[in-house]
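As structure tokens, the structure follows; a few thoughts come after it.
The values are calculated or read from the model by the stated rules, or taken from the named source; none is laboratory data. If you're wondering where the values come from, they're calculated on a predicted model, not measured in any experiment. Cβ atoms come from the backbone with ideal geometry, glycine included; neighbour counts cover every protein chain shown.
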Amino acid sequence: MPAKSLARPYRSVLYIPGSNARALEKARGLPVDAIIFDLEDAVAPDEKAAARTVLAQALAEGGYGNRARIVRINGLDTPWGVEDLAVFGMHQGVEAVLVPKVNRAADLDAVAAVTDKPLWAMMETALGMLNAAEIAAHPKLSGMVMGTNDLAKELGARHRPDRLAMLTGLGMCVLAAKAYGLVIVDGVYNAFKDEAGLLAECAQGRDMGFDGKTLIHPAQVAIANDAFAPSEAEIGLAHRHIAAFEAAKAAGQGVAVVDGKIVENLHIVTAQAVLGKAQMIAALSE
């Protein structure tokens, strides 16, 4: 299956605890592309029921504009997952349901049977990495989110700035997502005050093919938005590629040359994708 063009950008995907009414209100004004309203890790067990009520009301009130609205439920094997799905599986304010700790495609079936929403999968276990292609092929799946903290814990991996222990799993998930035309966003960067570290990790994820990055703090939004947006140089090069290729075709040639490099049709597909993403981002800014 060929990869599809994104219908919207997912440069910045911010986690918001479903129990935090103040954060839910603030998120309405943040320049993020998407929000994961979290009922799982960010909510203590004794706050789960209250969080469900608070979040349902916030989503019913709306005000989140063009931001993608994704709810991460608790697993159906927990005391809270079934009720989470009952409340948000058909909620008009929800665009997608994020399923935690997906190990295999069958883990999505029980959720898919209850909701008409597109599903997203948390990719955060070793088994999930090994089954990434099978998971990506699920007919209800629209996106994947890397859960790098949980993955590191399961692997027993030490933190390294180059994320060496993660690269195999990250790469397998990117390959699976691109093969099946899914959105895929990178894991969080925990040191939210370390701007240089965040920028480096965003650059790594962008260069690997991730569509954006999950974030844990509003202070990280601007860096992710900038890192995963086409640069002015990339936009300029895309225009020059297209113009040169069109001129070459008009002259009866199959390839063009820009800056000493061959430009073929595959480069034009990439250039058009760059310009399309830039246009989507500009529309969101307006």
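Annotations for the structure displayed:
- Checked against the criterion of being crowded, with 17+ Cβ neighbours inside 10 Å, at pLDDT 95 or above and small (Gly, Ala, Ser), the candidates Ala106, Ala86, Ala152 yield just one match: Ala152.
- Unique match (being over 21 Å from the mean Cα position of the chain (by Cα), of a type outside the set (A, V, I, L, M) and part of a helix (DSSP H, G or I)) among Thr53, Thr78: Thr53
- Considering the range 123-138, the residues that are of a type in the set (A, V, I, L, M, F, W, C) and crowded, with 23+ Cβ neighbours inside 10 Å include one that is nearest to Thr168 (Cα to Cα), namely Met129.
- The residue that is nearest to the chain's Cα centre (by Cα), among those in the range 179-203 that are surrounded by fewer than 18 Cβ atoms within 10 Å (Cβ to Cβ) and within 19 Å of Leu6 (Cβ to Cβ), is Gly181.
- Scanning the range 244-264 for any residue that is touching a residue at least 60 places away in the same chain (Cβ under 8 Å), among the aliphatic types (A, V, I, L, M) and either touching a Leu at 6+ places or on another chain (Cβ under 9 Å) or within 20 Å of Ile35 (Cβ to Cβ) (or both) turns up nothing.
- Qualifying residue in the range 231-238 (condition: without any contact (Cβ under 8 Å) to a residue 40 or more places away in the chain, small (Gly, Ala, Ser) and under 25 Å from Phe37 (Cα atoms)): no
- Candidate set: the range 22-76, residues that are of a type in the set (D, E, K, R) and within 18 Å of Gly89 (Cβ to Cβ); chosen: the one surrounded by the fewest Cβ atoms within 10 Å (Cβ to Cβ): Arg69
- Within the range 191-242, the set of residues being closer than 18 Å to Val269 by Cα and of a type in the set (S, T, N, Q) comprises just one member, Ser231.
- Taking first residues from the range 82-111 that are in the same structural domain as Leu39 (by TED's automatic domain parsing) and partners that are modelled with pLDDT of 95 or more and among the hydroxyl-bearing types (Ser, Thr, Tyr), the Cβ contacts under 7 Å between residues at least 6 apart in sequence or on separate chains come to Leu85/Thr115; Gly89/Thr115; Met90/Thr115; Ala96/Ser142; Val97/Thr115; Lys101/Thr125; Asn103/Thr125.
- Scope the range 145-164; condition of a type in the set (Val, Ile, Thr) and in a strand (DSSP E or B); matching residues: Val145
- Residue in the range 157-169 that is farther than 23 Å from Val71 by Cα, assigned by TED's automatic domain parsing to the domain that holds Gly197, hydrophobic (A, V, I, L, M, F, W, C) and under 15 Å from the mean Cα position of the chain (by Cα) present: no
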